[in-house]
1. Could you grab the pairs with beta carbons closer than 8 Å, sequence gap of 6+ or different chains, first residue in the range 31-46 and free of Cβ contacts under 8 Å to residues at least 24 places away in the same chain, second one surrounded by 12 or more Cβ atoms within 10 Å (Cβ to Cβ) and of a type in the set (Asp, Glu)?
2. Out of all the residues in the range 73-82, is one or more of a type in the set (S, T, N, Q), modelled with pLDDT of 85 or more and touching a helix residue (DSSP H, G or I) at 6+ places or on another chain (Cβ under 8 Å)?
3. When you look at Phe67, is it of a type outside the set (Asp, Glu), surrounded by 10 or more Cβ atoms within 10 Å (Cβ to Cβ), at pLDDT 85 or above and farther than 30 Å from Tyr36 by Cα, yes or no?
Amino acid sequence: MILLGFAFGLYIIRNTLIPLFVSMLIDYLLTPLVDYLENRGLGTMLAITIAFLLSFGILFLAVLYIFPLVKNQVGDLTDGLPLYLGILDVRIAQLQTRLAEFWPAIDEVDAGVRGWSVDIHPLGIVLVLLFGNQLFGW
């Protein structure tokens, strides 16, 4: 009952939890810098302001650096997508050809188990035919 009450309490304040945890993370990361600046003789407000400006400046420069990289990689992906889809089509055709070799054997197994009271999934039959040698020594 206590656990249910705790879960309900978390549900009520769910919109507040993420900003709370983000602010705790920012405080955890910036406290050593603020303490260092305060020990160097700066006031608390000035140290906090410098720490925030420095951290947001670094974040801004990181975004400016990362954005072109991500843009180029997305461009490369869209340029190469037809090639990737072509390779996927070839692989699927190879798989279909390989499975077509086993269809007669699947029909034999299917005919043999039709009288069983359990339903046999075709994928299970394919897996047994592909890996039956390793599993059962066929």
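The values are calculated or read from the model by the stated rules, or taken from the named source; none is laboratory data. None of these values were measured; they are calculated from a predicted model. Cβ atoms come from the backbone with ideal geometry, glycine included; neighbour counts cover every protein chain shown.
1. Thr44/Glu38
2. No, the range 73-82 contains no residue that is of a type in the set (S, T, N, Q), modelled with pLDDT of 85 or more and touching a helix residue (DSSP H, G or I) at 6+ places or on another chain (Cβ under 8 Å).
3. For Phe67, the condition - of a type outside the set (Asp, Glu), surrounded by 10 or more Cβ atoms within 10 Å (Cβ to Cβ), at pLDDT 85 or above and farther than 30 Å from Tyr36 by Cα - is met.
For every residue, the table says whether it meets (1) among the hydrophobic types (A, V, I, L, M, F, W, C); (2) touching an Asp or Glu at 6+ places or on another chain (Cβ under 6 Å); (3) under 21 Å from Ile26 (Cα atoms); (4) in contact (Cβ under 8 Å) with a residue 40 or more places away in the chain.
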position	(1), (2), (3), (4)
Ile48	yes, no, yes, no
Ser55	no, no, yes, no
Leu59	yes, no, yes, no
Lys71	no, no, no, no
Thr78	no, no, no, no
